[in-house]
Amino acid sequence: MAKWLDNAIFYEIYPQSFKDTNSDGIGDFNGIIEKLDYIKELGCNAIWLNPCFESPFGDAGYDVADYCKTAPRYGTNDDLKRLFDEVHKREMHILLDLVPGHTSVEHPWFKESMKPERNEFTDRYVWTSSIWEAPEGMGSLRGISDRDGSCAVNFFSNQPSLNYGFYKPELPWQQSMDDPGPKATVEALKDIMRFWLKMGCDGFRVDMAGSLVKHDEDGKGTTKLWQGIRAFLDEEFPDAAMVSEWSQPKNSLAGGFHMDFILFFGPDHPNNLFRSPEPFFASRGKGDISKFVEKYKADYEATARNGLICIPSGNHDVDRIARHLHGDELKFAFAFLLTMPGAPFIYYGDEIGMRYVEGLDSVEGGYNRTGSRSPMQWDDGVNAGFSCAGKEKLYIPLDESTDRPTVQNQMADSSSLYHEVKRLIALRQAHPALQSKGEIDFIYAEKNAYPFAYLRSAGNEKILVILNPSDRDTAFDCDYSLENELYAFGGKMSAAEGKITVPAQSYAFYQVS
Ligand code: NOJ
Ligand code: CA
């Protein structure tokens, strides 16, 4: 695993909405370059850039039409290369978004694959052998070409599934992972990775990484496929960093990924902490951390520290965290995020508490996700400093509220979320125990109870983290001394007779032995 992941803190950039420099209303590579110093000053040292490739934009670029060419609206391949160089000049790293599971219907591979005559791309996608047969358990495209067959789709109907084979083929048209078609798809994927890694990108965030091999319930086939990719990377690009959108760290890390995202499905996920009806970090104090901890511990043990389990503040697919947590509650969420193991991911604008914009029409397949993808709010200028284009040309409308947070107003207020996030990042970066690979032991994570306490450690350093987002004072049994306080927010905690008393809405970190 590349050394820089030990203290990596990622910033996710949705390129359309970050910074527009040519006044067409859409963000661009030059805009990102302009704002690299902002990201660096916040303390993030790595970037995940959402897809920026040629696309009909039926799913905001997750429907790729040319994997090796940038979409002109963001700039040229040379501009992207310049972005890589500017990132590296600042001792930062950047991951591109790799979408291996599907292409857009516009991709030349798909156009060839739709032809009734056999050709190089006939087996590049998952097709049944008759238009009257739909692939079981998957959506499909039917009747759109003269090829007699239905083509499986991986997500939206405009995203045909690339063919990596079936775990256990049962029907004549289902190919095995070792058949020539699926093998050629894997080789094509390696070529795409080679292309960008040679140009200077530092690795990939992999879209729907667990979706490749079909009818592969427990992920064994897909894990094996990624092990093959790992072998290729070890050989040709040993430093390339890989993070999967999979949310099954056991499979993903066994497949050779360095990092896996905890995503937002089900009651056992951080959804519960940040986005459920009763998030743990809300001051109402009706949340429950215990389920999250149980699931986290199981994954942590099962992955035997083979890689990192990463928690994002949000992403382009889910509600903005500020839709569910308000004011200082957000500081608690970040105090948690920035003291957990794994590399934290901050979604652009979450560091200033950007809100979910309600009531927007869908843009480029965003649907309910559109409200989390609105333009970054930089300052008091035209269009909040995002773009000089006319309002009607903006990619997505801005948050129009008069009290919307901006980088400018948050920087001017030392008690803002922005400054808190910056302080928390600085603290993490000063203490290896708080970084990606520091161990974690849960000290207090009881059902329906507050606070939440855990110990992080690396070498001789041990740091006790105590978080009480609730609006009531509380206490828990704990023998650690609070003598060496590293950082505190809210009221003062105290320790006596094996008990730590924790004021309402406070958090603190202590060096302990
Ligand atoms: C997950 C991506 O994050 C999402 O935005 C996209 O729509 C789907 N995968 C399909 O690629
Ligand atoms: Ca632009």
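Regarding ALA433, is this residue touching a residue at least 24 places away in the same chain (Cβ under 8 Å) and buried (at least 20 other Cβ atoms within 10 Å of the Cβ)? Criteria met by ALA433.
Being within 16 Å of ligand 1 (Cβ to nearest atom) and farther than 26 Å from PHE237 by Cβ holds for only one residue in PHE166, PHE155, and it is PHE155. Going by the structure shown, is GLU294 surrounded by fewer than 18 Cβ atoms within 10 Å (Cβ to Cβ), over 18 Å from the mean Cα position of the chain (by Cα) and away from ligand 1 (no atom under 16 Å from the Cβ)? Criteria met by GLU294.
Scanning region 369-391 for residues that are of a type outside the set (A, V, I, L, M), farther than 17 Å from ALA412 by Cα and without any contact (Cβ under 8 Å) to a residue 60 or more places away in the chain turns up ARG369, THR370, GLY371, SER372, ASN383, LYS391. The strands (runs of 3 or more DSSP E) found entirely in region 415-470 that carry 1 or more residues being farther than 23 Å from TYR38 by Cα and basic (Lys, Arg) are 452-458, 461-468. The single residue among THR474, THR406, THR402 that is buried (at least 16 other Cβ atoms within 10 Å of the Cβ), under 30 Å from LEU360 (Cβ atoms) and hydroxyl-bearing (Ser, Thr, Tyr) turns out to be THR406.
Tallying residues that are away from ligand 1 (no atom under 16 Å from the Cβ) and more than 18 Å from TYR347 (Cα to Cα) within region 364-383 yields 5. Suppose we keep only residues that are of a type in the set (S, T, N, Q) and more than 33 Å from the chain's Cα centre (by Cα) within region 463-513. Which one would you say is farthest from LEU325 (Cα to Cα)? Of everything passing the filter in region 463-513, SER513 is farthest from LEU325 (Cα to Cα). Scanning region 298-316 for residues that are part of a helix (DSSP H, G or I) and either among the hydroxyl-bearing types (Ser, Thr, Tyr) or in contact with a helix residue (DSSP H, G or I) (Cβ under 7 Å, 6 or more places away or on another chain) (or both) yields a total of 3.
Is region 367-380 home to any residue that is of a type outside the set (Phe, Trp, Tyr), at positive phi and part of a helix (DSSP H, G or I)? For region 367-380, residues of a type outside the set (Phe, Trp, Tyr), at positive phi and part of a helix (DSSP H, G or I): absent. Of the residues making up region 174-195, at least one is of a type in the set (A, V, I, L, M), within 16 Å of ligand 1 (Cβ to nearest atom) and out of contact with any His (no Cβ under 8 Å at 6 or more places or on another chain). Within region 466-494, the set of residues being closer than 19 Å to ILE289 by Cβ and touching a helix residue (DSSP H, G or I) at 6+ places or on another chain (Cβ under 8 Å) comprises LEU467, PRO469, PHE489. A single member of LYS286, LYS295 is among the basic types (Lys, Arg), in a loop (DSSP other than H, G, I, E, B) and either over 20 Å from LEU96 (Cβ atoms) or away from ligand 2 (no atom under 16 Å from the Cβ) (or both), and it is LYS286. The residue that is farthest from PRO180 (Cα to Cα), among those in region 139-163 that are in contact (Cβ under 8 Å) with a residue 24 or more places away in the chain and either within 16 Å of ligand 2 (Cβ to nearest atom) or part of a strand (DSSP E or B) (or both), is LEU141.
Here LYS183, LYS190 are screened, and the one residue that is of a type in the set (Lys, Arg), within 24 Å of ASN119 (Cα to Cα) and under 26 Å from the mean Cα position of the chain (by Cα) is LYS190. Among the conditions (1) closer than 20 Å to VAL357 by Cα; (2) free of Cβ contacts under 8 Å to residues at least 60 places away in the same chain; (3) more than 19 Å from the chain's Cα centre (by Cα), ILE321 misses just one, which is (3).
Here PRO172 qualifies as surrounded by fewer than 17 Cβ atoms within 10 Å (Cβ to Cβ) and over 23 Å from the mean Cα position of the chain (by Cα).
The residue that is nearest to LEU398 (Cα to Cα), among those in region 1-50 that are among the small types (Gly, Ala, Ser), crowded, with 20+ Cβ neighbours inside 10 Å and more than 17 Å from the chain's Cα centre (by Cα), is GLY25.
Each value in this text was obtained by applying a stated rule to the coordinates, not by laboratory testing. Remember, it's a predicted structure, so these values are computed and weren't measured experimentally. All Cβ positions, glycine included, derive from the backbone under ideal geometry; neighbour counts span all protein chains shown.
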